[in-house]
1. Over the Cα atoms of the stretch 382-473, how large are the radius of gyration and the largest Cα-Cα distance (Dmax), in Å?
2. I need the shape label for the stretch 452-582. Rule: rounded when a/c is under 1.5, else prolate if a/b > b/c, else oblate, with a, b, c from the alpha carbon gyration tensor.
3. Report the Cα-based extents of the stretch 45-122 along its three principal axes, largest first, to the nearest Å.
4. Evaluate E = 1/(1 + (r/R0)^6) for I238 and T213, where r is the Cβ-Cβ distance and R0 equals 25 Å; express this FRET efficiency to the nearest 0.05.
5. What per residue convex hull volume, in Å³, do the alpha-carbon atoms of the stretch 437-516 yield?
6. Beyond 46 Å, how much of the Cα-Cα pair distribution for the chain remains, as a whole percent?
7. Heavy-atom accessible area per residue, the stretch 414-483, 1.4 Å probe: how many Å²?
8. In nanometres, what is the gap between the two model label sites at T86 and D146, each 7 Å from Cα along Cα-to-Cβ?
Amino acid sequence: MTMIPWRHFRFLAAVLTATAFPISGCQVMTSAEEDPPPGEEPPPVPGTPDFSLTVDPASQTVTPSGAAQFNADIQFLNGFESTSITLSTSGEPAGVTVDFDPNPLPHQGRSVLTLTGDGSVAPGLHTVTVSALSEGISKSQDVALDVTAAASFTASISPGAQNVGAGGAVTYDVTVTGLNGFSDPVTLVVTGLPADVTASFSSNPVTPTATSTLTLTTQPSTSPNTYDFTVTATGGSIERTLQGALDVNPPGSAWGINTAGSTGASNNCVIVGPARNDGVARVYVGTVTTGEIFEFTWGGSSWTSLNIGGSNSGEEVHNMGMGAGRGDGVIRIYAGSVDGELYELSWSGSAWTQTTIDATSGPVFHAVVGDGRGDGVTRVYAGRGGSVWEYLWNGSGWDATEVGSVSGVAHGLRLGDGRGDGQPHIYVATTQGGVYEATFSGGSWSIAQIASTQDTRNVNVGAGRGDGVNRVYAARAAGVITEISWNGSSWTTMDINQPVGDVLVHAYFTDGRGDGVTRVYSSGADGNSYEFTWDGSSWSQYTLGGGQNYMYGFDVGFGRNDGVMRLYGASFNNQLYEYSWQ
């Protein structure tokens, strides 16, 4: 029998799991020399409920008093279920404090690990073991913390890849961060691009710590191809190299991605709309590690940002809704936080104010606004822990009513008419029970499962096929979008794509290309965003590209107020991305 190294076995197991390929009567043998390296776990047996832990990047360079962030990703395998994954570290040097956000994880997903030095950390290369424990199963992975006391700098590029139509231009952010007082000018040079692609920096050289915008401009004659390029950053005797990619498509056939700005923290959600009630759409982003909410405004040539509030405890702002939640025609923002509070943010005409609607037990994962009962009254709905709640403004306070409970966590909510019966319903994405539908009738709420899609991150209702028929779309941790259709007597399900290999977080519908065709859009844990098109008989998939790290936040809207529909992605790498069809 041919020996398969354990590393390749891990990949093989993932492929077999993703394709649901049956395995019987076959064993894969490994020898002593094929044992996994120290600090890493052997691969799970195919078919056995399990989970995986992936930590990136593999190493970070910091000062003795600096902070390094790593992403700890948990993915459930073969039907594994848990509502508590505990994370820990070992091996960190003296003087380093450890923080995971969140910890424990309430479902598969990402926790941000921050290692912060107090100034006394010994310089050198330190190995830190990151561990995860759930349901009696433990996983671990080693990362490197490189502590330096010498004057130096680090450099990064975001996003790592861009799509552009020939004749168009795209931008990248190149960030140079000084360490231990390094302040020499750093010169940036781009190599590897074809002659008809020009590169320019908004500032060059740059003095750390600073970000320079790299603009790559193509010509109509630029040949469609993927071009790998290198950015070399040189300061004093120190040189750093960064790798990027430019994917050139025929004219009018690509999504361009620009960076609208940074919140300075990992981002968890984004929503677009006129929250100031002035008719101007703006983009709002909620963060993970600081629990803040930022407002981004397009000024005609550039974006500006403003911190408008957020979690009182600094805990993660998980998701937001927008609408006239008090039924008075005034649009407000409603933010759910894992600290257990549901927040309302209002623009007074000169400043933002914030109040708490409810702070009972259990994290709030999502809030939406609308007429859920069909009685013409707008209310606020929120998923709190394993329950869905309804909030009615009574003129002086909020009256709370429990809509119903679900299996796992009520992770995503959406109001809509998924049955085409003219009745409003609440659709709930859950971490264990798939998708539920709640309906108000006869003076009370009823709630029932309509699709057993397991760990489902968010749900939406709309005519995703562009045929005027509303259907329910579930974005799942299995890396697929499931379309749930009402046939008049029961619900049927169909996955519209092959698994992308990582979590899909959202499902939105819009004419993103401006060609009159409604498509489905989603974002994923791999940092990419995706477009799905129904051609009348089948679905096709297009990868838009994206940023680095988890693209957890996603929305569509007229963020520039110019009549052009665009897509907006908020990433764990602190950036807000804007997608425009070129």
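1. 13.5, 43
2. Oblate.
3. Dimensions of the stretch 45-122 along the principal axes of its Cα atoms: 46, 21, 16 Å.
4. Using R0 = 25 Å, I get an efficiency of 0.65.
5. Spelled out: Cα convex hull of the stretch 437-516, divided by residues, is 121 Å³.
6. Of all Cα-Cα distances in the chain, 14 percent exceed 46 Å.
7. Here the per-residue accessible area is 31 Å².
8. 3.4
The values are calculated or read from the model by the stated rules, or taken from the named source; none is laboratory data. Worth saying up front: this structure is predicted, and the values here are computed from it rather than measured. Using ideal geometry, Cβ is built from the backbone for each residue, glycine included, and neighbour counts are taken over all protein chains shown. All accessible areas refer to the heavy atoms of the entire protein, side chains included, with ligands and DNA or RNA removed. Shrake-Rupley method; radii C 1.70, N 1.55, O 1.52, S 1.80 Å.
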